[in-house]
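Written below as structure tokens is the structure these notes are about.
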Amino acid sequence: MNPPERVESVTLPDGRRLAYVCHGDKGGIPLLLCHGTPGSRRCITTAMAEQASQQGFRLIIPDRPGYGLSDPHPGSGLLDWPRDVDHLLAGLDIPHAHLLGYSLGGMHALACAWALPYRFKSLTLVESLAPNLLDDSLANIMSPTVRNILMLASSQPLEFRTAMTALTEDVDQTLDLMLSSYSLQDQATGTDPAIRAAHRTAIQDTVSRGEGALVEDYLNSVASWGFSLTDIALPTRIWQGLEDINTPPALAEYLAAQLPNAQLTRLSGEGHLAFYSSWKAICAGIKTIAEPG
């Protein structure tokens, strides 16, 4: 079940609306979450919102352009996202925050960490994508489902768009297809009613305006990201389930080797849905950076 929310928005310089929700006390530690794909501001459960609040966070979750209630930004590149985030935090009068990216949202969090180092005090990545995904060293260890999606996006973008359009036609079928591509551990975790409901809502929010944003996210993931991981100096914590076959451990190892100030936490017996099952520990890890000692 998704937590109660009051959707708010900021108007960006080009007139687009960027929708977001905040969970927790206004005076809490600001933590901005970049949702996965499919995803939206409603990607978390009620228990997760409560746990973040109890640990003293003000959790801010924006809908990326074309997701949920945020206006589309056709043709946008990965580095357009940090500009939107900068305006959002300025509108909230938040000079500094902590940054969290899940799954494909890790790509967007990394872009923000690179482009807005003055805005963020730390970076946390959970089951994150990495750049250069189609290099043999990385592509060969991804699940066939994910690898095929990325290769189709890279080599045949028109066919890829057609395939993604088909996924927007039946939310429950898409959810079942997505979960079936996960590890057995994840499939068991995904039977939790609250987690399944969060996933269903996120898919619904993703496809509510068509396949455009979904397609652009995947196309951007296989293109050049426009920056080097070695230039990201923020204290970084990486959380990786060892049973994850969607964004497998080799991606986290690659990120940890490239990011100058990264610490990798390996989660035995966890998969891609460690974002949900290890949420409390993830928040506690961010708090140790925010409040050392």
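The values are calculated or read from the model by the stated rules, or taken from the named source; none is laboratory data. For clarity, every value in this text was computed on a predicted model and none was experimentally measured. Methodologically, a virtual Cβ is constructed for each residue, glycine included, from the backbone with ideal geometry; neighbour enumeration extends over all protein chains shown. All accessible areas refer to the heavy atoms of the entire protein, side chains included, with ligands and DNA or RNA removed. Shrake-Rupley method; radii C 1.70, N 1.55, O 1.52, S 1.80 Å.
General remarks:
- Which listed residue, of 80, 63, is acidic (Asp, Glu), over 12 Å from the mean Cα position of the chain (by Cα) and farther than 22 Å from residue 287 by Cα: 80
- Condition broken by residue 205, with the remaining ones in (1) touching a Lys or Arg at 6+ places or on another chain (Cβ under 7 Å); (2) open to solvent by less than 50 Å² (accessible area, probe 1.4 Å); (3) within 28 Å of residue 118 (Cα to Cα) satisfied: (3)
- Which listed residue is of a type in the set (A, V, I, L, M, F, W, C), open to solvent by less than 50 Å² (accessible area, probe 1.4 Å) and more than 23 Å from residue 279 (Cβ to Cβ), from 88, 69, 78: 78
- Considering only residues in region 41-66 that are assigned to a loop (DSSP other than H, G, I, E, B) and of a type in the set (Val, Ile, Thr), the one that is surrounded by the most Cβ atoms within 10 Å (Cβ to Cβ) turns out to be 44.
- Residues of region 240-288 that are open to solvent by less than 20 Å² (accessible area, probe 1.4 Å) and in contact with a helix residue (DSSP H, G or I) (Cβ under 6 Å, 6 or more places away or on another chain): 240, 241, 246, 259, 271, 272, 273, 279, 283.
- Close pairs from region 46-74: first under 28 Å from residue 216 (Cβ atoms), partner assigned to a loop (DSSP other than H, G, I, E, B) and among the polar types (S, T, N, Q), Cβ under 8 Å, at least 6 apart: 62/70; 63/40; 63/70; 64/70; 65/76; 67/40; 68/40
- Hey, residue 152 surrounded by fewer than 20 Cβ atoms within 10 Å (Cβ to Cβ) and modelled with pLDDT under 80 or not: no
- Figure legend. Inter-residue proximity from region 168-190: first residues open to solvent by 60 Å² or more (accessible area, probe 1.4 Å), second residues in a loop (DSSP other than H, G, I, E, B) and of a type in the set (D, E, K, R), beta-carbon distance below 6 Å, spacing 6+ or different chains. Indicated pairs: 185/243.
- Residues that are part of a helix (DSSP H, G or I) and hydrophobic (A, V, I, L, M, F, W, C), drawn from region 82-97: 85, 88, 89, 90
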